[in-house]
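J.: Dropping a structure here in structure tokens format, bear with me for questions.
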Amino acid sequence: MTTDLETIGMLRSSLERYVEDNYGFLQRQALLNSENSFSSRVWSDLAEFGFLSLRLPVEHDGLDGDAAAVGALMEVIGQRLLQEPFLVSAVLATSLVARLGNAEQRERLFGSLASGSMILACALEHAEHCLLEDNRLSGRVPLLMHGDLAQGLLVAGHDAQGKVRVCLVQADQPRVERSALRLVDGRGAAVATFDNVEVELLDTPNNGLSVAANIELLLDEANVALCAEACGMIEALLHTTNEYLKVRKQFGKPLAVNQALQHRMADLYLLKQEALALTRAAEQALSGPAAERARLVSGARSYISKAARQVANEAVQLHGGLGITEELDVSHYFRRVMLLNTLFGGRDQHFLRFVEHSLSA
Amino acid sequence: MNTHLLEKAQRLREAVRHFVSNEMPAELRTKSHRHQVLGRQDYLQWMQLLDRKGWAVGHWPAEHGGQQWSSLERFVFEDELARLGCPWIIPFGVKYVGPVIYSFGSEQQKLRFLPGIVKSEEFWAQGYSEPGAGSDLAGLRTRAVRNGDHYVVNGQKVWTTYAQWADWLFCLVRTDTEGKPQSGISFLLIDMRSPGVTVKPIRTMDGYEHVNEVWLEDVVVPVENLVGEEGAGWTYAKFLLKNERTAGAIVGQAWHVLARLKQHAKETRINGQLLIEQPLMRNRVGEFELRFLALETASYAAVLAMDEGRDDGGEASLIKIRGTELYQDVSETLVDALGEAGMVFDIAALHATPGLPPLGPEDGGGILKEHLYNRANTIFGGSSEVQRNILAKVVLGL
């Protein structure tokens with residue numbers, strides 16, 4: 001499945017137009033102060049534009065969009081710091097249902113995922129802490145992004161034989177305990193505990209991969225999507241910092257004329273170019289052989305996490321006191337970038353995986 | 001090396017340790033251990049405790065109630081308090097304006113203001129930065145126009161720490177617009193309750209309001225609140241900065257956060273292995289240790305040089321650049337090492353459950369708060385860029 005460039009271009013520009021009109025900084029600030037940091041209006045708009053159907057198979061009126069299509073949207077999401085559970089529900093959960101669900105499950109879940117009426121959160125990295133026996137789940141997930149507002153949770157667990165399985169948990173039921181939290185960037189999350197909860201297994205892999213291999217693939221996809229999001233943040237931070245240096249005057253001249261600052265900006269530009277190229281390479285590697293996929297995904301992820309940190313740190317520093325204020329977008333990018341080192345594996349884990357695959361290649 | 005100076009400083013360090021473990025009130029200790037946000041009363045209580053030990057103004061001359069500490073003693077005092085994670089010493093009275101008043105103020109000003117500063121009975125704020133005058137402080141535009149026995153002040157200050165609690169503002173104002181930017185500046189003491197003073201809080205990304213905008217609109221300031229001579233404010237401002245150079249807290253804070261990282265890495269297992277045993281983390285902590293060793297050694301050498309009159313003007317910049325950058329880097333690693341707990345920051349929850357974070361260790365929320373606010377450490381008090389300019393121009397003569 002390769003999405004053609006024209007479709008990707010249209011998707012990107014239609015999301016860009018939408019956020020231009022509906023997701024300005026002040027509109028986002030208002031959203032941050034709402035419950036769960038979530039606007040059902042924005043979410044249903046995203047459904048109406050077809051963004052939530054991006055990953056659905058064509059026979060379910062989806063676009064069957066590939067990693068480059070996901071990346072294009074994630075880049076815009078990073079540029080504007082969208083809070084909505086696009087990655088978690090419309091990309092990850094939807095892909096998982098498409099690959100592991102049986103015909104009935106796919107039929108039942110796709111409609112409400114595409115319409116936005118159901119949000120699914122994913123807990124795929126804690127299988128060792130979740131036990132699945134006779135369609136019942138017990139265990140604990142330390143942090144589920146958007147787990148506060150999701151109606152359903154896709155949870156990876158292990159069965160009595162130690163085999164990894166994936167199940168769907170209805171979130172609103174007595175034996176599911178959720179405590180809502182806010183992430184440092186304002187997005188909602190939850191800690192979830194399952195006490196012998198009745199669940200539904202998604203256990204029909206239809207792409208030739210085992211459940212465990214599917215989870216690994218999906219986490220790789222999540223990481224590449226995060227790379228694209230980070231690229232969007234890097235681009236936005238570079239743009240705003242560049243403009244600021246030209247207009248902010250100290251000692252009778254714009255900051256931009258200081259050669260020391262010009263060189264720092266030049267270094268950040270190099271990071272941006274590298275990040276964009278690595279993201280494209282990782283997107284392509286997702287459909288290639290597993291070892292090369294692992295090497296490129298984890299390599300891109302390691303490099304970009306560090307690059308985004310450097311860009312965010314420098315953007316704050318070069319904006320001076322303004323850079324740490326709530327009312328300037330720079331500090332919001334800074335906070336979202338903070339999460340990059342921990343989400344979906346974290347930098348060290350990816351770095352080690354990259355080294356391992358590089359040295360054995 | 002001056003062994004007498006070193007021994008005296010070491011005795012002070014031990015006295016500080018003893019004081020913190022035996023005399024610090026439990027509630028204040030808990031709050032500061034968790035890096036919770038402190039209120040005006042907390043700070044006043046803390047400063048008054050230090051005053052009872054004779055330490056609040058230990059660095060002042062004896063005639064004004066001080067102990068005539070050497071630069072080294074002053075440095076050790078601040079270093080040790082910060083290592084032990086104690087509250088910040090609010091510097092605006094005891095470190096900044098107090099010495100300006102006893103050095104350049106009138107007898108009347110000394111009598112009026114020094115006792116309140118020593119006892120921390122009046123809260124001071126610093127009116128320096130302006131929207132157009134940050135690193136370029138001499139570009140300030142707040143105007144003070146003499147009208148008989150008073151000045152009328154108009155302008156705007158920004159990044160004014162704890163102005164919301166202040167009784168008094170010491171303020172750089174422009175009394176003359178002719179000549180060099182530095183020459184027309186004067187040093188005024190402004191009563192924060194004067195009509196025309198408005199404080200607007202600025203929320204920073206840690207979710208709290210530590211800094212403010214201060215608007216001055218036709219504020220009437222009696223001429224007797226001018227410190228020293230009209231137009232000589234820049235000299236006093238530079239004196240104040242010089243007097244503020246011995247920032248031991250910068251070294252102590254870096255030590256404190258590094259100690260916290262080591263503690264966390266030694267008690268946290270990931271995939272069955274202690275974090276500190278994992279090569280990447282071990283390497284990182286080792287590099288931080290090495291940087292700290294260099295910082296500590298060079299800082300103490302720099303402070304001794306000051307006491308012995310061998311300083312070259314780059315000492316404060318060395319401490320500030322190396323100390324604040326190390327602190328930020330260690331803090332970043334600590335937040336990462338907290339894993340999920342390092343991703344959660346819930347201001348409402350922190351307010352609701354006296355400072356306790358929803359996930360992770362009890363100081364987790366405080367670690368995040370400090371991490372978010374410490375990005376300012378390389379910006380305020382002379383940014384890292386300005387410090388490097390000082391090194392290049394003043395020390396290296398480039």
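Coordinate-derived values only; no laboratory data. Just so it is clear, the structure is predicted and the values come from calculations on it, not from any experiment. FYI the Cβ positions are ideal-geometry reconstructions off the backbone, even for glycines, and counts take in every protein chain you see.
J.: Checking the conditions here, which among A:Arg309, A:Arg293, A:Arg248 is touching a Pro at 6+ places or on another chain (Cβ under 9 Å) and either surrounded by fewer than 24 Cβ atoms within 10 Å (Cβ to Cβ) or within 10 Å of chain B (Cβ to nearest Cβ) (or both)?
T.: Working: A:Arg309 fails: touching a Pro at 6+ places or on another chain (Cβ under 9 Å); A:Arg293 fails: touching a Pro at 6+ places or on another chain (Cβ under 9 Å).
Selected residue: A:Arg248, the only one of A:Arg309, A:Arg293, A:Arg248 that is touching a Pro at 6+ places or on another chain (Cβ under 9 Å) and either surrounded by fewer than 24 Cβ atoms within 10 Å (Cβ to Cβ) or within 10 Å of chain B (Cβ to nearest Cβ) (or both).
J.: Could I ask something else about it? Filter segment A:254-277 down to the residues that are farther than 22 Å from B:Arg388 by Cβ and out of contact with any Leu (no Cβ under 7 Å at 6 or more places or on another chain) and list them by number.
T.: First, the residues of segment A:254-277 that are farther than 22 Å from B:Arg388 by Cβ: A:272-277.
Passing the criteria: A:Gln273, A:Glu274, A:Ala275, A:Leu276, A:Ala277.
J.: Quick one: which of B:Gly105, B:Gly134, B:Gly98 is buried (at least 19 other Cβ atoms within 10 Å of the Cβ), more than 14 Å from every other protein chain (Cβ to nearest Cβ) and under 17 Å from the mean Cα position of the chain (by Cα)?
T.: On the way: B:Gly105 fails: under 17 Å from the mean Cα position of the chain (by Cα); B:Gly134 fails: more than 14 Å from every other protein chain (Cβ to nearest Cβ).
After ruling out the rest, the residue left standing is B:Gly98.
J.: I'm checking my understanding of the structure. Among residues of segment B:108-131 that are among the small types (Gly, Ala, Ser) and closer than 23 Å to B:Gln68 by Cα, which one is nearest to the other protein chains (Cβ to nearest Cβ)? Reasoning before the result, please.
T.: Of segment B:108-131, the ones among the small types (Gly, Ala, Ser) are B:116, B:120, B:125, B:127, B:129.
Subset that is closer than 23 Å to B:Gln68 by Cα: B:116, B:120.
Details: B:Gly116: 29, B:Ser120: 26 Å.
That would be B:Ser120.
J.: Next question, about the same structure. Could you go through segment A:211-221 and let me know if any residue there is polar (S, T, N, Q) and more than 14 Å from every other protein chain (Cβ to nearest Cβ).
T.: Start the filter on segment A:211-221 by keeping residues that are polar (S, T, N, Q), which leaves A:214.
Pick out the ones that are also more than 14 Å from every other protein chain (Cβ to nearest Cβ) and you get A:214.
There is at least one residue in segment A:211-221 that is polar (S, T, N, Q) and more than 14 Å from every other protein chain (Cβ to nearest Cβ).
J.: Taking segment B:34-50 as the search range and keeping residues that are of a type in the set (A, V, I, L, M) and part of a helix (DSSP H, G or I), which one is surrounded by the fewest Cβ atoms within 10 Å (Cβ to Cβ)?
T.: Taking segment B:34-50 and keeping what is of a type in the set (A, V, I, L, M), we get B:37-38, B:44, B:47, B:49-50.
Add one more test, that the residue is part of a helix (DSSP H, G or I), and what stays is B:44, B:47, B:49-50.
Details: B:Leu44: 17, B:Met47: 24, B:Leu49: 19, B:Leu50: 22.
Among residues in segment B:34-50 that are of a type in the set (A, V, I, L, M) and part of a helix (DSSP H, G or I), the one surrounded by the fewest Cβ atoms within 10 Å (Cβ to Cβ) is B:Leu44.
J.: With the requirement that a residue be crowded, with 18+ Cβ neighbours inside 10 Å and assigned to a strand (DSSP E or B), what does segment B:172-198 give you?
T.: Scanning segment B:172-198 gives B:Leu172, B:Val173, B:Arg174, B:Ile185, B:Ser186, B:Phe187, B:Leu188, B:Leu189, B:Ile190, B:Val197.
J.: Give the residues of segment B:271-313 that are farther than 21 Å from B:Asp329 by Cβ and not in a helix (DSSP H, G or I), sorted by residue number.
T.: Passing the criteria: B:Asn271, B:Gly272, B:Gln273, B:Leu274, B:Glu308, B:Gly309, B:Arg310, B:Asp311, B:Asp312, B:Gly313.
J.: Here is a follow-up. From the list A:Gln83, A:Gln105, A:Gln79, pick out the single residue that is polar (S, T, N, Q) and more than 29 Å from A:Leu183 (Cα to Cα). Walk me through it before giving the result.
T.: Working: A:Gln83 fails: more than 29 Å from A:Leu183 (Cα to Cα); A:Gln79 fails: more than 29 Å from A:Leu183 (Cα to Cα).
Exactly one of A:Gln83, A:Gln105, A:Gln79 is polar (S, T, N, Q) and more than 29 Å from A:Leu183 (Cα to Cα), namely A:Gln105.
J.: Among the residues of segment B:360-398 satisfying the criterion of being in contact with a Leu (Cβ under 7 Å, 6 or more places away or on another chain) and either of a type in the set (D, E, K, R) or buried (at least 19 other Cβ atoms within 10 Å of the Cβ) (or both), which is farthest from the other protein chains (Cβ to nearest Cβ)?
T.: Of segment B:360-398, the ones in contact with a Leu (Cβ under 7 Å, 6 or more places away or on another chain) are B:360, B:362, B:364-365, B:367, B:392.
Filter once more, so that each one left must be either of a type in the set (D, E, K, R) or buried (at least 19 other Cβ atoms within 10 Å of the Cβ) (or both): B:360, B:362, B:364-365, B:367.
Working: B:Gly360: 10, B:Glu362: 16, B:Gly364: 11, B:Gly365: 11, B:Ile367: 11 Å.
The extreme case among them is B:Glu362.
J.: Within segment B:112-171, considering only strands (runs of 3 or more DSSP E) that don't extend past its boundaries, which have at least 3 residues that are among the acidic types (Asp, Glu) and within 20 Å of B:Gln48 (Cα to Cα)?
T.: Numbers: elements: B:124-127, B:143-147, B:150-158.
Qualifying strands (runs of 3 or more DSSP E): none found.
J.: Are any of the residues in segment A:267-277 within 24 Å of A:Asp64 (Cα to Cα), in a helix (DSSP H, G or I) and among the hydrophobic types (A, V, I, L, M, F, W, C)? Let's see the steps before the verdict.
T.: Quick first cut of segment A:267-277, residues within 24 Å of A:Asp64 (Cα to Cα) only: A:276-277.
Still in the running and in a helix (DSSP H, G or I): A:276-277.
Subsequent filtering for residues that are among the hydrophobic types (A, V, I, L, M, F, W, C) retains A:276-277.
Within segment A:267-277 (the criterion being within 24 Å of A:Asp64 (Cα to Cα), in a helix (DSSP H, G or I) and among the hydrophobic types (A, V, I, L, M, F, W, C)), the answer is yes, since at least one residue qualifies.
J.: Can you work out which of the residues in segment B:339-352 that are more than 8 Å from every other protein chain (Cβ to nearest Cβ) and more than 27 Å from the chain's Cα centre (by Cα) is surrounded by the most Cβ atoms within 10 Å (Cβ to Cβ)?
T.: Of everything passing the filter in segment B:339-352, B:Ala341 is surrounded by the most Cβ atoms within 10 Å (Cβ to Cβ).
J.: Residues to consider are A:Gly186, A:Gly232; find the one that is under 23 Å from A:Phe38 (Cα atoms) and within 14 Å of chain B (Cβ to nearest Cβ). Write out each step before concluding.
T.: Working: A:Gly232 fails: within 14 Å of chain B (Cβ to nearest Cβ).
Within the list A:Gly186, A:Gly232, the selection yields A:Gly186.
J.: Consider segment A:312-322. How many of its residues are more than 7 Å from chain B (Cβ to nearest Cβ), part of a helix (DSSP H, G or I) and either farther than 15 Å from A:Met338 by Cα or in contact with a Cys (Cβ under 9 Å, 6 or more places away or on another chain) (or both)? First the steps, then the outcome.
T.: Taking segment A:312-322 and keeping what is more than 7 Å from chain B (Cβ to nearest Cβ), we get A:312-315, A:318-319, A:322.
Adding the requirement that they be part of a helix (DSSP H, G or I) leaves A:312-315, A:318, A:322.
Subset that is either farther than 15 Å from A:Met338 by Cα or in contact with a Cys (Cβ under 9 Å, 6 or more places away or on another chain) (or both): A:318, A:322.
So the count comes out to 2.
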